Amino acid sequence: MFRAAAAVVVGAVLLLAMGPAPAGAQDSLSVAPGRSCPACRVTLTPTLALGWDAGVHGPTTESRVARDSRGRYFVAPTYTPGTISMYGPDGRFRGAFGTEGGGPGEFRGIQNLVVGPGDSLWVVSGGGRITVVDPEQRIVRSVTADQGAMGILPRSDGTVAVMSMAGGGAPVLDATGAEVDRLELSTPPTDDNPTTGQSGVVALPDGRLVALHATRYRLDVLDADGSRLRTIDRQAYWFPSLELASEQEAMQHIQEARTTAMTFGAAPTSAGEVWVLAQRVNMTSVRDLFAAFQSGAMTQEPVLDMNELLDPVLELVNVDAGQVVATGGSTSRLLTSLMDGEHVVGVRELEDGIIVLDLWRLGVRGR
């Protein structure tokens, strides 16, 4: 999932699809840069590392992490295609399950892991396949959703809401894969904002939902049935379309070094606030990329180190007030996901080439 989203960033940079932030609707809140608590800073406290003892079942730079109520951690994809690694509460490797393929108990191209009701594990893999695994790692069932499926929200009645980059609302699928409902998560498309897809959704303690926009720093706050209550639009100057800008407009954008961003994950806190993991484009890297493109030194889309192009940013958002409480947590190590409302995951490469996923406890200093 991260590689696909990162490709969107690279493609957008190369196409120079730059422009002003969209105007908000009447029921939208436009959140300017800054914080409602100027003294507050996001803090990250190291807790444990996953993968150092997993061998061929170790994590990759694209791995996702999910934790169940027993404190076990599940990681995928791994260096062994089609497998999901399991770690104990102490971070030690406990084993792996699954094989590569399209049959029962098999996975191909694992994209996401989510812990659902009763410690069930919901696995999103290639082709929009969603597989439910019980706490003993036995396959319960599989359903097929839209091939662009990204975020999922398992529900207590056994159904699952599925988000897609294509937008058009989130279908709610039953155990047979039939659509039994639809959450209208997306804001209506406009000329400035033709893309309305959602990349994920999280549930607040009171049952409300917060949906992430697929290509903007935008949060839609919804009631339990998916009706939109408000939109929080962070002033981040993301690319509103893939139409070519003029060279003058592109240069102005780069010279002003406007912040660009997109959301990569979110997790609710017990207090009803939301942690948001965003990736901001490193404008120095963009200038270098643009200069190489203009000089003719670069004739095709390069393979870029996303650690160089994107800077991770963590923010705590009060969705009721429409305010960013605290910002921080940026690190040269790529943050890959928010595992829950308490921890964020990062990637580190050891000297022998082994990838380790670091877990940091989230907090706010000065509040």
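The values are calculated or read from the model by the stated rules, or taken from the named source; none is laboratory data. Values in this document were obtained by computation on a predicted structure and should not be read as measured data. Heads up, the Cβs are rebuilt from the backbone with ideal geometry, glycines too, and the neighbour counts pull from every protein chain shown. Heads up: the accessible areas ignore ligands, DNA and RNA and are worked out on the full protein's heavy atoms, side chains in. Shrake-Rupley method; radii C 1.70, N 1.55, O 1.52, S 1.80 Å.
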Checklist outcome for this item: Among Ala39, Ala76, the single one that is among the small types (Gly, Ala, Ser), modelled with pLDDT of 95 or more and not in a helix (DSSP H, G or I) is Ala76
Checklist entry - When both residues are 6+ apart or on different chains and their Cβ atoms are under 7 Å apart, which pairs have a first residue that lies in segment 351-367 and is under 22 Å from Thr45 (Cβ atoms), and a second that is part of a strand (DSSP E or B) and of a type in the set (Phe, Trp, Tyr)? => result Leu362/Trp275
Item to check | Meets criteria (modelled with pLDDT under 90, part of a strand (DSSP E or B) and closer than 22 Å to His213 by Cβ) for Ala278 | outcome: yes
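Kindly evaluate Arg218 against the criterion of being more than 15 Å from Asp320 (Cα to Cα), among the charged types (D, E, K, R) and modelled with pLDDT of 80 or more.
Numbers: more than 15 Å from Asp320 (Cα to Cα): no; among the charged types (D, E, K, R): yes; modelled with pLDDT of 80 or more: yes.
So Arg218 does not fit the description; no.
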Checklist entry - Among Ala66, Ala96, which is the only one that is assigned to a strand (DSSP E or B) and open to solvent by less than 20 Å² (accessible area, probe 1.4 Å)? => result Ala66
Next on the checklist: As an exercise: evaluate Phe264 against (1) more than 19 Å from the chain's Cα centre (by Cα); (2) open to solvent by 20 Å² or more (accessible area, probe 1.4 Å); (3) modelled with pLDDT of 65 or more and give the number of the one condition it does not meet.
Outcome noted: (1)
